[in-house]
Structure formats: C-alpha cells, structure tokens
1. Once label points are set 7 Å from the Cα along Cα→Cβ at both ALA241 and VAL79, what is their separation, rounded to one decimal in nm?
2. Which shape class applies to the range 1-128: rounded if a/c is under 1.5, otherwise prolate when a/b exceeds b/c and oblate if not, where a ≥ b ≥ c are the square roots of the Cα gyration tensor eigenvalues?
3. Taking loop as defined by DSSP and a crowding limit of 16 other beta carbons within 10 Å, which trypsin sites (Lys or Arg not before Pro) in the range 46-127 fit?
4. Assuming 0.36 nm per residue, please report the length gained on full extension of the stretch THR222 to GLN316 beyond their Cα-Cα distance.
5. Among the listed pairs LYS291/LYS332; LYS23/LYS332; LYS121/LYS231, which are separated by more than 25 Å between their Cα atoms?
6. Given only helices, namely DSSP H runs of n ≥ 4 each adding -39500 (n - 2.57), what is the per-residue ellipticity at 222 nm of the chain, to the nearest 500 deg cm²/dmol?
7. Residue separation times 0.36 nm, minus the C-alpha to C-alpha distance between ALA213 and TYR162: what's the value?
8. I need the shape label for the range 249-331. Rule: rounded when a/c is under 1.5, else prolate if a/b > b/c, else oblate, with a, b, c from the alpha carbon gyration tensor.
Amino acid sequence: MKIILNLLRIIVGVLFIFSGLIKANDPLGLSYKMDEFFEVLHLTFLSPYSLAFSVVMNAFEIIAGVAVLVGYRMRIFSVLLLLLIIFFTFLTAFALFSGTIRECGCFGDCIKLTPVETFWKDVILLLMILVIFFYRKKILPVKRAALVFILSVLLSFGVQAYTLKHLPIFDCLPYKVGNNIPEKMKLPPGATPDVYEMVFIYEKDGQKKEFTADNYPWSDSTWKFVDRKDKLVKKGNAEPAIKDFILTDLDGVNQTEAVLSADKPVYLFLVQNVQHAGSGWDAKMKALQAKWKNQEILIYGVTASTKDEIAAFKQQHELEFPFVQMDGVAIKTAGRSNPCLMLLNKGTIKGKWHYNDIP
C-alpha cells in the first residue's frame, strides 16, 4: 500500500504543480474564464474579483501540489485538496452537461482539453485524492519539507507578479510573436467549416415567422421585414485560430486588410478599455508617435471603447494617431495587458510588449 500511496502522491502533486504553473504563466487568462463562469452561473457580482481569485487559486494549486509531494501538513492539505477537486469536478461537470462553456481552462491556453476529457481527468484525480485523504496519517514529511513549502509559496506568487507586470513568459495564444494573422484566420487544411443558412424574420397580422430562401412568400407582399440572422445548419469540425480580428474605423469602415497588408511597420496600440488603461507609457508612445508623424511607421489605436471615450482618451494623453475599433474579447486575447503594443509586418507579429516594457 505504501508504494501505491507514494505513487498517487507523485501523480497528484506533479499534476497540481503543472496545472498551477501553466495558469500562473497567464493569470489574466484564468480570470477571463472565471468571468465566463460567473456570467453563466449568474454570479456577475464576483467578476470584479476574478483576477484576485485567479492568482490565489493558481498559487494554491502549486502550493498544495508541493505539500503533497513533500508530505507537509497532510492533515490540512489532504482536506483542502479534496475540497478543491470536488469543486473542480462540479465545474467541469457543469461545463460538460450544460454545454454553455466550451473549455474550462484547467490547463490554461497552452493545453486545451475538451469538456469530456476535463471531466474524466477530474473524476480520476478525485479518486486518487480520496485515497490520499483516507491514508493521510501514513504520509510523513521529507527532510526540510517546511523550507520547500515556503519556497513554493514565494514561487507561486512571484511568477504571477512578474507576468502581470510584463506579459506571459510563454505565449500560448494565436497572437504570439512569429504568427501570421492572415494565416491564422484560415481554417486548418482539410477542415470542414460551419454551414449557415440565412433566415429572414417577417411579421404579418402581429405574428412573426421565419423564412429561408426556399420558403420565402414571394407572392405575398403583406409580410413586413423585421430582421435577418444566420442560423447554424451544420457544425464544422474545426475553426480558425483567429476568427475575430476585424478592425473598423470610427465610421464603421473595415480597415483590416489595409492594416495587414501595409508596406510600413504597423504598431497596434491595444487598449481594451480606455477608462481602465494602465499608466506610465505616455513618453514612450509619444516617441513612437514622432516616427509616425515622420511617416516612418504606421500606428493605430485599437479599442472596444466608444467614440466619445476614445476622443477623451486621446486628448488626455495627447495622442494624434488614428484609432480603430475591435471586439473586446479579441483585444484581450491579442494582448494580456491594457494597454499592450503589438508590431506587425505584413500581418506577421514581430513584437509584443506590456505597457511597462514598450521599447
């Protein structure tokens, strides 16, 4: 039994450390996933604290994993681990059976698991942790377990402090340096795309009805047009890595192709929300703005904020280069800081910087 118990400790400890470190590399990513859960569970009042929850949860996974490996305070950590895996199993079961959340984010964006894979992974972990829990008194600490435990606490919070002040050490997102955005907007070779059908909604005598091109009442002009939508007819087997990179100017004109095909270097100043932008970058952006004025480079501010908010932001920071708008989720995916600077060369990402590190 001792051999089995030690084996389970190693498996559980390594998995929790690995899972915690992957998410500690990008705590903002987990906080966005938490926001998604909060919205589905109608707990949006918790969203302002999602980043704090993310940091604490990532740190606890690493710390608990180390505690299991070295046998530190097992009476406490065996209970905490059991409670944590019960909570995780509930969340992954909800994601699987409700169908409202496609990914749980258990291994961040670096290793993506399907809801089915994630659920069974947690069920197996639950069984292993139950064994550790029932035999916790037989687990003795190794030498200097307390020192290793303290180092794990410092590591878990230190890594996250670094990545929040800079960018993730390992960029696992489709907008990582070296990727070509137009290429990532294409379906993988051999993939089948989603098939949509155009549906028209018309109203007659106070009753609304949906029509397709096949059953549209061409001979009856008394139907009044209400709306049009695209209905998913057949789900494809894949989707592009980047599917929402759409830039429009403040008049609604699509500028995506112009940005991706420009001959000059293009800097995208990503500001997901101008009202919550970080500070300390003004001098560096004004230096870049001087190059823009000399027509050496192109700069576009990219935001999901409104026209009035953009105007106030530009005036406050004395920015003269144009702003375009893009979906907020796409901006958060492209750059894990607000603001974030990205350098493109004909659609290929050549550089990306947290606002603290703008060159």
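1. 4.6
2. On the way: a/c = 1.97, a/b = 1.56, b/c = 1.26.
It comes out prolate by the Cα gyration axes.
3. Values: sites: ARG73, ARG75, ARG102, LYS112, LYS121; in loops: ARG73, ARG102, LYS112.
Passing sites in the range 46-127 are ARG73, ARG102, LYS112.
4. Numbers: separation 94, 0.36 × 94 = 33.84 nm, distance 5.36 nm.
Once the chain is fully extended between THR222 and GLN316, it gains 28.5 nm.
5. Numbers: LYS291/LYS332 27 Å; LYS23/LYS332 16 Å; LYS121/LYS231 34 Å.
As for pairs spanning more than 25 Å Cα to Cα, those are LYS291/LYS332; LYS121/LYS231.
6. -15000 deg cm²/dmol
7. Values: separation 51, 0.36 × 51 = 18.36 nm, distance 5.53 nm.
Taking ALA213 through TYR162 to full extension adds about 12.8 nm, to one decimal.
8. Details: a/c = 1.70, a/b = 1.06, b/c = 1.61.
The shape class here is oblate.
The values are calculated or read from the model by the stated rules, or taken from the named source; none is laboratory data. None of the values given here were measured: they were computed from a predicted structure. Because the Cβ atoms are built from the backbone with ideal geometry, glycine has one as well, and the counts that use them run over all protein chains shown. Heads up: the accessible areas ignore ligands, DNA and RNA and are worked out on the full protein's heavy atoms, side chains in. Shrake-Rupley method; radii C 1.70, N 1.55, O 1.52, S 1.80 Å.
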